[in-house]
Amino acid sequence: MDDTDFEDIQQYILYLTKERDLSSATINNYISAIKFFYTYVLENEWSPIKVPRMKIKQNFPVIPSREEIWLLINATDNLKHKAILLLTYGSGMRVSEVAKLKIGDISSKRMSIYIDKAKHDTNRYTILS
């Protein structure tokens, strides 16, 4: 393929960005598919300089204030739900980790919680506040 073909690819990416208003991650998926076709099917040399990948914007999470957390916890009347909220907030555990928690995983002597098969299939300990 010559430069005109790379220009066609660039125009298509501009179309995906401006007309279709797709996210950077989705456009990167399109670029990966085009690159695969271009290199493995057509057996041509790919130029990452002529067709760069889109930068993905980092969205930071909204962190509630302590007052908002305490309003949420105090608004809960159910003792079990309040304990779950306090445990999640105090230990930093994920919702899926709290859902799989067993009584034997909590060590009140060491003030720690054993988390079995956490994210990425790892095991870890966290604090029991």
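Just checking, how many residues over region 97-120 are of a type in the set (D, E, K, R) and within 15 Å of I84 (Cα to Cα)?
Going residue by residue through region 97-120, those that are of a type in the set (D, E, K, R) are 97, 100, 102, 105, 109-110, 116-117, 119.
Right, trim to within 15 Å of I84 (Cα to Cα) and you get 97, 100, 102, 105.
Counting residues in region 97-120 that are of a type in the set (D, E, K, R) and within 15 Å of I84 (Cα to Cα) gives 4.
Could you list, in sequence order, the residues of region 98-116 that are surrounded by 12 or more Cβ atoms within 10 Å (Cβ to Cβ) and farther than 20 Å from I63 by Cα? Lay out the reasoning, then the answer.
If we filter region 98-116 for residues that are surrounded by 12 or more Cβ atoms within 10 Å (Cβ to Cβ), which is where we start, we get 98, 100-101, 105-107, 112-116.
Across region 98-116, the qualifying residues are K100, L101, D105, I106, S107, S112, I113, Y114, I115, D116.
Among the aromatic types (F, W, Y) and closer than 30 Å to G92 by Cβ - does that describe any residue in region 46-54?
Initially, region 46-54 is screened for residues among the aromatic types (F, W, Y), giving 46.
Filter again for closer than 30 Å to G92 by Cβ, leaving none.
No: zero hits.
With the requirement that a residue be under 28 Å from the mean Cα position of the chain (by Cα) and part of a helix (DSSP H, G or I), what does region 11-20 give you? Outline the logic, then answer.
Keep residues of region 11-20 that are under 28 Å from the mean Cα position of the chain (by Cα), which gives 12-20.
If the condition is that a residue be under 28 Å from the mean Cα position of the chain (by Cα) and part of a helix (DSSP H, G or I), then Y12, I13, L14, Y15, L16, T17, K18 are the ones that fit.
Quick one: which residue in T76, T39 is modelled with pLDDT of 90 or more and assigned by TED's automatic domain parsing to the domain that holds L14? Quick ask: steps written out before the conclusion?
On the way: T76 fails: assigned by TED's automatic domain parsing to the domain that holds L14.
The match here is T39.
Right, K50: in contact (Cβ under 8 Å) with a residue 12 or more places away in the chain and surrounded by fewer than 11 Cβ atoms within 10 Å (Cβ to Cβ) or not? Outline the logic, then answer.
Working: in contact (Cβ under 8 Å) with a residue 12 or more places away in the chain: yes; surrounded by fewer than 11 Cβ atoms within 10 Å (Cβ to Cβ): no.
In short, no.
Do you know which of the residues in region 70-101 that are over 20 Å from T126 (Cα atoms) and of a type in the set (A, V, I, L, M, F, W, C) is farthest from the chain's Cα centre (by Cα)?
This residue is L79.
Looking at region 90-129, which of its residues are without any contact (Cβ under 8 Å) to a residue 12 or more places away in the chain and β-branched (V, I, T)?
V95, I103, T122
The values are calculated or read from the model by the stated rules, or taken from the named source; none is laboratory data. Since we're looking at a predicted model, the values are computed, not measured. Methodologically, a virtual Cβ is constructed for each residue, glycine included, from the backbone with ideal geometry; neighbour enumeration extends over all protein chains shown.
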